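> Encoded as C-alpha cells, here's the structure I'll be asking about.
The values are calculated or read from the model by the stated rules, or taken from the named source; none is laboratory data. Not measured: the values here are computed from a predicted model. Glycine gets a Cβ as well: all are built from the backbone with ideal geometry, and neighbour counts include every protein chain shown. These area figures cover heavy atoms from the full protein model, side chains too; ligands, DNA and RNA do not enter into them. Shrake-Rupley method; radii C 1.70, N 1.55, O 1.52, S 1.80 Å.
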Amino acid sequence: MYQPPVVACIGAGQLARMMATAAGELGMALRVMANSADDPAALVLPETQVIVGSPADTAALSRLLAGASVLTFEHELIPDTVFDQAAAAGVAVHPRREALVYAKDKLAMRRRLGELGLPMPAWVEGDDIDGVAQLGKHCGWPLVAKVTHGGYDGRGVEFVTNLFDYQEWRERLDSGTQCLVEQRVPFTRELAVLGARRPSGEMRIWPVVQTWQESGQCAAVLQAPHETETKVFAQAEAIARRVAAELDVTGVFAVELFEVQSPSGKSQLYINELAMRPHNSGHWTQDGCVTSQFEQHLRAVLDLPLGVTTPTAPVTAMANVLGSALEDPGQAAATVMDRYPNVKIHLYRKGNRPGRKLGHVNVCGLSPEALLAEARAAADLLMGK
C-alpha cells in the first residue's frame, strides 16, 4: 500500500507552519519538533504529527525520526548530535551537516567564501585585536561586530565606533563566545537571491529581490522586473548558484547581498549572510510565483523534481508585521480586507511582543512603488499603527 512521504522538521515556527500547508497540498505528511503545543505549526497539525521536545533529547528525536523519509530544519541552530542520530536511524538529512555549518557559523562561512574567492566585506577574527585595529584604520570606523553563532534578526550584531568600543562590547559577551569584525559596507541597496537545490544537483533560482531592513529585521521585499539592471542581477544569481554548488547546499537557500554603486554607476556585490532554509525574502513566492519556497523546499529535500520559479504577476511586494500595538494583529484583518482587497494576509498565531515577526502580507500587480506602499500600509494596520 502506498505510504506518502513523511518530512520531519526540527522547529515548529512560522516557516514550518507554511511548510505544513504546502505538505498537505502535495499529499505529504509534515511532522514537527515543537518547543510547545502552542508553536505556530503545532496549531495547524494533528497532535500525532507534533513532537514536543528538544533536538538534544534523544527520545524525542527518535519519535520525530520514526518512519521519516527525510529530516530538515526551519532554523540553523542544530546540534551535531542530531546528524549522528539521524544517520543511525537511516534517515537522510537536508541540508547536510557539512553544508549547514556555513549558515550556523559566520566565521566558517567567511573562511570558506574567501577560499572560493567570492566577494564579501573585509573581515578579521574577533580575537585578533591588532587585526581589528588595522581593519578600522584601513576601512574606516564604524565596523560591524558579530557573534559567530546564534545571531539573527539583528541580534548579536553591533556597530562599533572605535577599538575601545569594540573591546567593551566583546567583554559583555558570555565567556567563550566567538565573534568576528567586518567592514561596514556603504551599500546602495540590499538584494537577496533565493534558490533551491536537490541532492541529485538540479537547481532553480527565483528572481532577485530587493529587501529593506529595520532594526536588523527584514521589513519589506520587492520583486519587480529590472530591465535596466540585467547585469547586476545576473551577477547576483551567478554568486548564489556558485555558493549552492560549492557548499553542496540541499533544500531552499538564500544569499543576502549588499550592492555598492560607484558614482560612475558601476555596481559591486558583497555577500552579507547565508541561510539554508525557507527565508523571509522568499515569502512573496506564496502569492506571486508558480512554486512557493515552501513547496520547493519539500520537493528539494525529498529529491523530487523542482517546480518552476516563474512569477505569476509582474510585481509582488511583501511587508512584515513586526509586533503590534493591538492585542492580536488579527483584530485589524477585516479592516485590511476592506481597504486593500488585493492584499493577501498571512498571520502566524505567535505570541505578541515588540518587534516579533507575527505575520506578513503580499500584494501583486503592476506598479512597484504603489504595491510596496500598499503592502507597508496593510502591515501597519496589522501592527496597530
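> Alpha carbon centre of region 68-137 versus region 255-279: separation in Å?
Taking the Cα centre of each part, region 68-137 and region 255-279 sit 19 Å apart.
> Compute the FRET efficiency between residue 261 and residue 337 as 1/(1 + (r/R0)^6), taking r as their Cβ-Cβ distance and R0 = 51 Å, and round to the nearest 0.05. Before the final figure, lay out each step's value.
Working: r = 39 Å, r/R0 = 0.77.
Working from the Cβ atoms, E equals 0.85.
> OK, next. How much accessible area per residue does region 184-248 have, counting only protein heavy atoms and a probe of 1.4 Å, in square angstrom?
43
> Would you tally the net charge around residue 121, using a Cβ to Cβ cut-off of less than 10 Å, leaving residue 121 out, and scoring K and R as +1, D and E as -1?
Numbers: positive: 110, 184; negative: 182.
Counting the neighbours of residue 121, the net charge comes to +1.
> Let me see the P(r) profile for region 146-274: every Cα-Cα distance counted, bins of 10 Å, each bin given as a percent of all pairs.
Computed distribution, short to long bins: 11, 35, 33, 17, 4, 0.
> Follow-up. Using 0.36 nm times the number of residues separating residue 242 and residue 62, minus their current alpha carbon distance, what extension gain do you get?
61.3 nm
> Right, another one. With a cap of 15 neighbouring Cβ atoms within 10 Å, and only residues DSSP puts in a loop, list the trypsin sites (Lys or Arg not before Pro) found in region 91-180.
155, 172
> Moving on to the next point. Could you grab the relative contact order for the chain? Cα pairs under 8 Å, six or more apart, rounded to a whole percent.
13
> Any idea how far apart residue 385 and residue 35 come out in nm if each label point goes 7 Å out from Cα toward Cβ?
Inter-label distance under the simple model: 2.6 nm.
> Along its principal axes, what span do the Cα atoms of region 19-125 show, with the longest given first and each in whole Å?
Sorted largest first, the three principal extents are 48, 29, 24 Å.
> Follow-up question, since we're still on this one. What are the semi-axes of the equivalent ellipsoid for region 189-383, taken as the square roots of 5 times the Cα gyration tensor eigenvalues, largest first, in whole Å?
Ellipsoid half-lengths, sorted descending, are 28, 20, 16 Å.
> Note down the Stokes-Einstein diffusion coefficient of region 122-183 in µm²/s, whole number, using a Kirkwood radius over alpha carbon pairs, 10 °C, and 1.306 mPa s.
Calculated translational D: 140 µm²/s.
> Using helices alone, what [θ] at 222 nm do you get for the chain, with -39,500 (n - 2.57) per DSSP H run of 4 or more residues, divided over all residues and rounded to the nearest 500?
One gets -9000 deg cm²/dmol as the mean residue ellipticity at 222 nm.
> Using the 2.2 N^0.38 Å rule of thumb for compact globular proteins, work out how the chain stacks up: its C-alpha Rg over that value, please.
So the Cα radius of gyration is 0.99 times the expected 2.2 N^0.38 Å.
> If I compute solvent accessible area with a 1.4 Å probe over the protein chains, what percent of it on the chain is carbon and sulfur?
After summing per-atom areas, the C and S share lands at 50 percent.
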